[in-house]
Amino acid sequence: MGDRPGPRMAGSAGPADGDAVRVALDSLASLGDQVIAGGDLGSMTTYRVGGQAALLVTARSEADLTLVAAASDTSRLPVLTVGRGSNLLVADAGFVGIAVVLDPVGFGAVSIAGHAVQAGGAVALPALARQTVDAGLTGLEWAVGVPGSVGGGVRMNAGGHGSDIAHNLRSCRVVDLGAGRGEARSMVLADLHYGYRTSAIGPSHVVIEAEFGLAGGDRAVGRDTIRHIVRWRREHQPGGQNAGSVFTNPPGEPPANSAGWLIETAGCKGRRWGSAMVSPKHANFIQADSGGSADDVRVLMEWVRAEVARVHGVDLRTEVRLIGFPDQPSTSSRGL
Ligand SMILES: Cc1cc2nc3c(=O)[nH]c(=O)nc-3n(C[C@H](O)[C@H](O)[C@H](O)COP(=O)(O)OP(=O)(O)OC[C@H]3O[C@@H](n4cnc5c(N)ncnc54)[C@H](O)[C@@H]3O)c2cc1C
């Protein structure tokens, strides 16, 4: 390892994890300063709370991802792909594994040929929305309101304003970091088994590129739609440190098919736990205070879920991906 500094352990990592981290660091040595031991993962999320990753790797090429796959294989450390962190809550104790971020230099290209749009996994969805409208295309305007990446959006089947990724995607290229070899393969729409905010993309998959099939559109109309969506978001959603909707909307009839309505009518709006608060503007958002705690956010999430189950008999499903939390926190013992 030469003079590389020893790993700073993230959160609850014990000695066995320390050995695994050293094995992975050795395996990733050729990536130099693209690897950070104890990299600050929480601050890469839109919640801007939470702990470190045992290893934080910036991948600039498919070859880098192949190295990460081998490092995960030899060290047995889990991997996590981090996009723009707009749907992640990382525990204060951190993530004992290898967090991978796609560098825009290698994965940030957009090319448009006719109605076909190819975008790298690191491309920001709002930028792609504007770019496709400027190119005279229609179909991705909704994505201007989703502050994620193409890769995160493809995994989550991000959507809004009556559309989603599944409406627009033709295929994507995916590297499986869990299979040891880290080779890229194509997946077409049918392979992805899209549902509401779900897909067949697994935790060890990295989406490195996506191809969208759009329709010809009118630039002026598209720009107007984008302006309308941006204004609507400003009026209806809070700014600050959050990850958008905490829970998915449950099936059912209006208004009970709205997680926000269920949470508000269960009396949770504006409630606070430590450094976390249910947004007074939109009950399905939880805000974190600056310098706050991810564990507070998690406790509040579970309390909200329990209150909605108690009042409405509905079991809400968490949309936000929880990273590094050992188990369910107990809210009752903390008196909320
Ligand atoms: C203010 C606000 C508003 C939002 N509004 C919406 C909305 O209207 N609709 C909506 O659907 N979402 C919304 N979100 C949530 C979020 O923006 C989306 O889920 C988005 O798709 C997440 O993308 P990301 O790049 O930030 O992914 P991350 O948050 O970084 O990761 C989310 C998941 O995707 C995985 N992932 C990330 N990158 C990749 C990749 N390259 N390959 C494979 N897996 C990957 C992660 O491992 C994780 O499981 C909102 C969030 C905020 C903060």
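Filtering VAL117, VAL123 for residues that are farther than 20 Å from ASN242 by Cα, more than 16 Å from the ligand (Cβ to nearest atom), modelled with pLDDT of 95 or more and of a type in the set (A, V, I, L, M, F, W, C) leaves a single hit, VAL117.
When GLY136, GLY50, GLY85 are checked against the criterion of being more than 13 Å from the ligand (Cβ to nearest atom), at positive phi and touching a helix residue (DSSP H, G or I) at 6+ places or on another chain (Cβ under 7 Å), GLY136 stands alone in meeting it. Among the criteria (1) closer than 29 Å to GLU302 by Cα; (2) more than 9 Å from the ligand (Cβ to nearest atom); (3) crowded, with 19+ Cβ neighbours inside 10 Å, the one SER245 does not fulfil is (2). In the stretch 223-252, the residues that are at negative phi form Cβ pairs under 7 Å with partners that are near the ligand (Cβ under 10 Å from one of its atoms) and of a type in the set (D, E, K, R), at six or more places apart or across chains, as follows: SER245/GLU319; VAL246/GLU319; PHE247/GLU319; THR248/ARG197; THR248/GLU319. When you scan the stretch 115-132, do you find a residue that is over 22 Å from GLY217 (Cα atoms), surrounded by fewer than 20 Cβ atoms within 10 Å (Cβ to Cβ) and in contact (Cβ under 8 Å) with a residue 24 or more places away in the chain, even just one? Checked against the condition, which is being over 22 Å from GLY217 (Cα atoms), surrounded by fewer than 20 Cβ atoms within 10 Å (Cβ to Cβ) and in contact (Cβ under 8 Å) with a residue 24 or more places away in the chain, the stretch 115-132 yields no hits at all. What residue, of LEU125, LEU169, LEU89, is in contact with a Ser or Thr (Cβ under 9 Å, 6 or more places away or on another chain) and not assigned by TED's automatic domain parsing to the domain that holds GLN52? Unique residue meeting the criteria: LEU125.
The values are calculated or read from the model by the stated rules, or taken from the named source; none is laboratory data. Because the structure is a prediction, the values reported are computed rather than measured. Methodologically, a virtual Cβ is constructed for each residue, glycine included, from the backbone with ideal geometry; neighbour enumeration extends over all protein chains shown.
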